[in-house]
Amino acid sequence: MQRSTTLALLLSLTLGAASIGTHAAPDTVPKTGQQAVQVQQIRNATAKIHYAGKTFLLDPFLARKGTYPGFPGTFNSQLRNPLVELPMPPRDILQGVDAVIVSHTHLDHWDGGDHQFIPKAMPLFVQDERDAKLIRSQGYTDVRILGEGTLFEGVRLTRTGGQHGTDEMYSNRQLAEGLGKAMGIVFQAPGVKTVYVAGDTIWHSEVDQALARFKPDVILLNAGDARMVGVKGAIIMGKDDVLHAYQRMPNATIVATHLDAINHMTLSRKELQEHVTQHGIQDRVRIPADGDILKF
């Protein structure tokens, strides 16, 4: 990648959010009784997860269509983000939310609609002190770092790892800094199916470790196959990873998200659905449209 392209990407990703504004726990939880889990796809990686009587808003990206320039140095950078409108008003999205989880502070995962909709005192979970410092600087007063079996009102939240791009990308110091870290999250509670949100990662050994350790019943994969100009490989998962997850976890339902909303996604819902149908895996793969509600 040209040095200027690398620097442009670095600035767009790491400064985007700023410009707008423990003890080890057992790996498994008994699953007796099985309460329902509900996942509502909002847009991009934004989702409302109703879990064990609590509602979590994941990666709130609440801007109106076309608010921000496309990410420079990425595919289709001439397109403005987000590519589509929200399926409902932001205030409706926030209704009933008990806590917010921000997997990382790249603009398309954390803008908070210019931070005007999310209450400043809302409990808000992040991956590390760096992200916590940024979000506190934006006026939020209850920012917590997610760790090993963090408890929130009866729900156990565990941070998992991953890698937001290929080894080759991370061998470039500037590019690695721009891509940064992005966590996954596991939701657990007695009598409730285990949910694993992989986050912005390619398929990586840490994903395999999370699957082996937690044996999730529901897996959310960011599957839009986002790509940069001049660099081989994707920075999140794609259609082959959805197939791999289906084969790797024969008892889990796979939910594909992070599609059709940001300029550098190269895989559409339509193309993914064709891939799913071609391989006969539609029995356990869900590709929700924005606004759709899935129950498990």
Expected single match for more than 27 Å from residue 98 (Cβ to Cβ) and of a type outside the set (A, V, I, L, M) among 173, 159 is 173
Given the structure, is residue 93 touching a Phe, Trp or Tyr at 6+ places or on another chain (Cβ under 7 Å) and open to solvent by less than 10 Å² (accessible area, probe 1.4 Å)? no
Please specify each residue of region 141-167 satisfying the condition of being in a loop (DSSP other than H, G, I, E, B) and modelled with pLDDT of 95 or more. 141, 142, 146, 153, 154, 161, 162, 163, 164, 165, 166
Residue that is farthest from residue 159 (Cα to Cα), among those in region 89-140 that are among the polar types (S, T, N, Q) and in a loop (DSSP other than H, G, I, E, B): 116
When restricted to 66, 53, 73, the only residue of a type in the set (Gly, Ala, Ser), surrounded by 21 or more Cβ atoms within 10 Å (Cβ to Cβ) and on the phi > 0 side of the Ramachandran plot is 73
Taking the condition among the hydroxyl-bearing types (Ser, Thr, Tyr), at negative phi and either at pLDDT below 95 or open to solvent by 40 Å² or more (accessible area, probe 1.4 Å) (or both), does residue 103 pass? no
With respect to residue 21, is the statement that it is small (Gly, Ala, Ser), touching a His at 6+ places or on another chain (Cβ under 6 Å) and either at pLDDT below 95 or surrounded by fewer than 14 Cβ atoms within 10 Å (Cβ to Cβ) (or both) true? yes
Does residue 175 satisfy the criteria of being aliphatic (A, V, I, L, M), surrounded by fewer than 20 Cβ atoms within 10 Å (Cβ to Cβ), under 25 Å from residue 69 (Cβ atoms) and out of contact with any strand residue (DSSP E or B) (no Cβ under 7 Å at 6 or more places or on another chain)? no
Return the residues of region 168-183 that are of a type in the set (Lys, Arg) and part of a loop (DSSP other than H, G, I, E, B); say none if nothing qualifies. 181
Expected output for region 146-158 (first residue within 13 Å of residue 184 (Cα to Cα), partner part of a loop (DSSP other than H, G, I, E, B) and open to solvent by less than 20 Å² (accessible area, probe 1.4 Å), Cβ below 8 Å, 6+ apart or cross-chain) is 146/127; 146/183; 157/146; 157/149; 158/146; 158/147; 158/149
Taking region 218-235 and keeping residues among the β-branched types (Val, Ile, Thr) and within 18 Å of residue 199 (Cβ to Cβ) leaves 218, 219, 235
Kindly evaluate residue 285 against the criterion of being touching a helix residue (DSSP H, G or I) at 6+ places or on another chain (Cβ under 6 Å) and modelled with pLDDT of 95 or more. yes
So, of the residues in region 109-134 that are touching a helix residue (DSSP H, G or I) at 6+ places or on another chain (Cβ under 8 Å) and open to solvent by less than 20 Å² (accessible area, probe 1.4 Å), which turns out to be modelled with the lowest pLDDT? 113
Would you list the strands (runs of 3 or more DSSP E) that sit entirely within region 184-296 and hold 1 or more residues that are closer than 26 Å to residue 105 by Cα and open to solvent by 40 Å² or more (accessible area, probe 1.4 Å)? 293-295
Are there any pairs, at least 6 apart or on different chains, whose C-beta atoms fall under 6 Å, with the first in region 203-217 and under 24 Å from residue 233 (Cβ atoms) and the second of a type in the set (S, T, N, Q) and open to solvent by less than 50 Å² (accessible area, probe 1.4 Å), and if so, which? 204/163; 210/160
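The values are calculated or read from the model by the stated rules, or taken from the named source; none is laboratory data. Only a predicted model underlies this, so the values are computations on that prediction, with no experimental measurement involved. No Cβ is skipped: glycine too gets one built from the backbone with ideal geometry, and neighbour counts run over all protein chains shown. Please note that ligands, DNA and RNA were not included when accessible areas were found on the heavy atoms of the full protein model with its side chains. Shrake-Rupley method; radii C 1.70, N 1.55, O 1.52, S 1.80 Å.
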